[in-house]
1. Assess whether Asn180 counts as being open to solvent by 20 Å² or more (accessible area, probe 1.4 Å) and either within 16 Å of the ligand (Cβ to nearest atom) or touching a residue at least 12 places away in the same chain (Cβ under 8 Å) (or both).
2. Looking for whichever is in a strand (DSSP E or B) and surrounded by fewer than 15 Cβ atoms within 10 Å (Cβ to Cβ) here; the options are Glu127, Glu149, Glu162. Which one fits?
3. Looking at the stretch 195-214, which of its residues are assigned to a helix (DSSP H, G or I) and touching a residue at least 12 places away in the same chain (Cβ under 8 Å)?
4. Could you check the stretch 351-365 and list, in sequence order, the residues that are touching a residue at least 24 places away in the same chain (Cβ under 8 Å) and open to solvent by 10 Å² or more (accessible area, probe 1.4 Å)?
5. Restricting attention to the stretch 198-222, which residues are more than 16 Å from the ligand (Cβ to nearest atom) and either under 11 Å from the mean Cα position of the chain (by Cα) or under 22 Å from Leu135 (Cβ atoms) (or both)?
6. If only one of Arg303, Arg314, Arg307 is within 19 Å of the chain's Cα centre (by Cα) and open to solvent by 60 Å² or more (accessible area, probe 1.4 Å), which one is it?
7. Whether any residue in the stretch 45-54 is outside any helix (DSSP H, G or I) and either open to solvent by less than 70 Å² (accessible area, probe 1.4 Å) or not small (Gly, Ala, Ser) (or both) is what I want to check.
8. In the list Glu229, Glu192, which residue meets the criterion of being assigned to a loop (DSSP other than H, G, I, E, B) and open to solvent by 30 Å² or more (accessible area, probe 1.4 Å)?
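The values are calculated or read from the model by the stated rules, or taken from the named source; none is laboratory data. Since this is a predicted model, take the numbers as computed values, not measurements. Here Cβ is always computed from backbone atoms with ideal geometry, including for glycine, and neighbour counts include all displayed protein chains. Just so you know, the surface numbers come from the protein's heavy atoms only, side chains and all, with ligands and any DNA or RNA stripped out. Shrake-Rupley method; radii C 1.70, N 1.55, O 1.52, S 1.80 Å.
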Amino acid sequence: MGRPYEILFLLPFSDYTCDMNPLPIVQTQIPPDVIDLGLGNPPLSLLPLNLIRDAAQKALSQNDNSFLQYGTEQGDGYLRVALANFLSDGYGFPVDPQSLFITTGISNALDLLCTFFTQPGDTVFVEEPSYFLALRIFADHHLNVVSIETDENGLIPASLEEKLAGSRPKFLYLIPTFQNPTGHTLSKERREQIVRLAEKHNFLIAADEVYQLLNYSQQPPKPFGAFVESENVISLGSFSKILAPGLRLGWMQAHANIIKRFANSGLMDSGGGLNPFTSAMVRGVIESGGLGENIGRLKSIYRKQIRVTDEALRRHLPEAKYEVPHGGYFFWLQFSDQVDVGELRKKATAFKVDFRQGALFSSNGGLKNYMRLCYVYYDVEKIEEGIKRISACLHQGP
Ligand SMILES: Cc1ncc(COP(=O)(O)O)c(C=O)c1O
């Protein structure tokens with residue numbers, strides 16, 4: 001099965017290809033007359049070229065060219081110190097640079113985790129629903145995925161305990177804060193309970209904290225990075241949603257013994273630590289205060305886009321049930337059981353609109369009447385127009 005979303009509308013040429021080179025440059029090509037409210041990407045207009053340019057100019061005009069060498073296995077030491085300071089502020093507790101390992105993003109970290117800690121046929125636990133492309137990574141590693149129930153406070157520990165009675169996972173993958181797709185946040189009490197269960201039953205927790213720093217109205221509970229004195233906890237972070245996905249840079253925060261497993265691998269021994277060149281640029285963005293400013297700018301734009309999405313949904317899709325998200329990227333809409341959002345999506349092509357069906361995020365064939373919408377990719381006019389088109393698609397014709 002191909003990736004279910006980005007290749008729906010392939011154009012031979014688009015705004016994203018340059019005249020000299022007809023081959024695609026970015027992952028997703030959307031024809032200009034289509035509004036894809038399913039896409040979970042930041043728009044090009046919010047990717048801060050100036051910040052990167054300034055940091056790159058500074059790094060490239062110094063006489064230190066060590067970032068052109070194979071990097072240290074755990075990841076650039078300057079970046080780890082700058083990042084640890086930044087996270088200590090953002091997370092509200094001290095983060096030790098020695099607890100950080102530099103990755104090329106969360107997707108990469110999950111893939112490495114599967115490589116180092118699992119064998120084909122092993123079981124992993126995930127939330128129901130969960131980030132569908134993480135599910136693809138687990139499929140690449142031939143893992144057996146078992147889903148755990150969630151509610152508005154995230155993963156339900158009783159459901160986890162019930163599943164633990166039947167099998168022990170190699171790890172539990174969860175998105176604790178502003179979850180993709182639901183937007184829900186795991187409560188503080190449940191975080192503590194889940195860590196205790198991981199220690200008792202000896203499995204790893206891989207907490208994908210990609211949206212932790214994108215909170216718009218309330219401070220979420222502390223990330224799982226607060227629990228890394230436990231050898232059972234791995235907290236994953238990324239610059240993709242707070243700076244730019246094309247950097248392919250992220251981090252893992254974990255106990256020294258876990259970090260050692262990654263840093264002492266053949267991959268790091270042969271290739272050195274990941275992305276030393278980009279690390280040197282991003283270090284500059286953090287040290288100049290640019291990362292904090294960028295997050296502040298994103299939050300104020302996204303707050304407005306959430307408001308507009310909410311208003312447009314009330315106006316054009318009053319039958320959809322949802323909660324207004326406090327952070328992250330997504331609205332998660334529930335329709336009546338009669339609505340099959342996968343079928344609706346097929347019809348949506350004619351209305352020049354797109355979204356993601358809930359079934360994509362389900363590991364057990366459920367959630368057919370759910371829809372994920374993303375409010376970050378389009379400006380407010382396009383969001384309103386896209387929701388109008390979804391409404392027309394739902395309400396008109398067969
Ligand atoms: C929950 C979640 N995890 C991971 C990613 C991808 O992260 P990265 O770009 O760091 O690989 C995304 C991107 O949409 C996401 O929503």
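1. Here the answer is no, as Asn180 does not meet what is asked.
2. None of the other options fit; the residue is Glu149.
3. Val195, Leu197, Ala198, Glu199, His201
4. Scanning the stretch 351-365 gives Phe351, Lys352, Leu360, Ser362, Ser363, Asn364.
5. Result: Ala198, Phe203, Leu204.
6. Within the list Arg303, Arg314, Arg307, the selection yields Arg303.
7. yes
8. Going through Glu229, Glu192 in turn, the sole match is Glu229.
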